[in-house]
Amino acid sequence: MAAIDMFRSVRATGHDGVEGTVSPLPAPGNQTGFTLLEILIAMIVVAFGLLGLFGLQAKAQKAETESYERTQALVLIQDIVDRMNANRADSFAQAYVTASPVGGGGVLIDCSAKTGADLDLCEWGNLLKGSTETANGAACSTASGTGCIGAMLSASGCIAYDATTELADSTGAVQAGTGIYTISVVWQGLSASVIPSAQQTCVSTLSGARMVTSTLRIAALGAQ
């Protein structure tokens, strides 16, 4: 009690011996409410900052995933380009042109009985379905494709040929098979987007679709 009284008022004796009272000191409890308000405001500011940080991290992760999928698509395009360059006879014969999209998810296709361009397209289709990587405990085979996770979501590929771009030899004769191939890979992206109608050369029904394309011309020694 004496300690509390010391905060409230202080008795002092002057030089003349007369006892007086010094102005009372403010009680500590008078500052409590103001301190709690400061803490509350600080907590609110920190909370909003953390929410912004979490949102930024989510967007960064989505962008990283989109970049990874685009890299996968470019690798898959290069795979079929290498196959076509290695099999020029079927490339000149336009055997790699696809009548419908290849891949698209689902079970794998048995390619063991196929040869040439048919084998390349069959294996490329399985790669687009994700055959290179399998989820733990799930099947990725000709019976079930639930475990195929080695490619983009709903990835499909198309190969088109433009005969109007074929080259001619020194006599002016057109060299069949020397035109430009357009190879497209389409997949399901993570955010909404639309492929322009003029570029919808493959699958156009996906919501938030992504697409990468590449062109290829098979060289002919006699062409000019």
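Assorted remarks:
- For segment 67-217, the Cβ-based charge dipole about the Cα centre amounts to some 300 debye (Lys, Arg positive; Asp, Glu negative; other atoms uncharged).
- Residue (of Gly177, Thr213, Gly116) at the positive-pole extreme of segment 67-217, dipole from beta-carbon charges: Thr213
- Compared with the alpha-carbon gap, the fully stretched path from Glu64 to Ser112 is longer by 13.6 nm at 0.36 nm per residue.
- A Förster distance of 22 Å, applied to the separation of the beta-carbon atoms of Ala89 and Thr142, puts the FRET efficiency at 0.15.
- Placing a label point 7 Å from the Cα of Thr132 along the Cα-to-Cβ direction, the residues of segment 141-179 whose backbone N falls under 13 Å from that point are 149-152.
- Gyration tensor (alpha-carbon) shape descriptor, segment 45-139, a/c threshold 1.5: prolate
- Computed E for Ser191/Glu38 - FRET, C-beta separation, R0 30 angstrom, nearest 0.05: 0.15
- Residues of segment 135-166 with amide N under 18 Å of a point placed 7 Å along Cα→Cβ from Val81: 156-162
- Computed E for Leu74/Val174 - FRET, C-beta separation, R0 35 angstrom, nearest 0.05: 0.65
- Sequence-ordered 3J(HN,Hα) estimates for segment 35-52 from the Karplus curve with 6.51, -1.76 and 1.60 and θ = phi - 60° stand at 5, 4, 5, 4, 5, 4, 5, 4, 5, 5, 4, 5, 4, 5, x, 5, 4, x Hz, glycine and proline given as x.
- Taking amide H as placed 1.01 Å from N in the peptide plane, Ala168 has its amide H under 5 Å from the amide H of Gln175, Gln224, each at least 5 places away in sequence or on another chain.
- For segment 67-217, the gyration tensor built on C-alpha atoms gives an oblate shape. Its axis ratio a/c (a ≥ b ≥ c) is at least 1.5, and a/b is not larger than b/c.
A short reminder: the numbers here are calculations on the coordinates, not readings from a lab. Please read these numbers as outputs of a predicted model, since none were measured by experiment. No Cβ is skipped: glycine too gets one built from the backbone with ideal geometry, and neighbour counts run over all protein chains shown.
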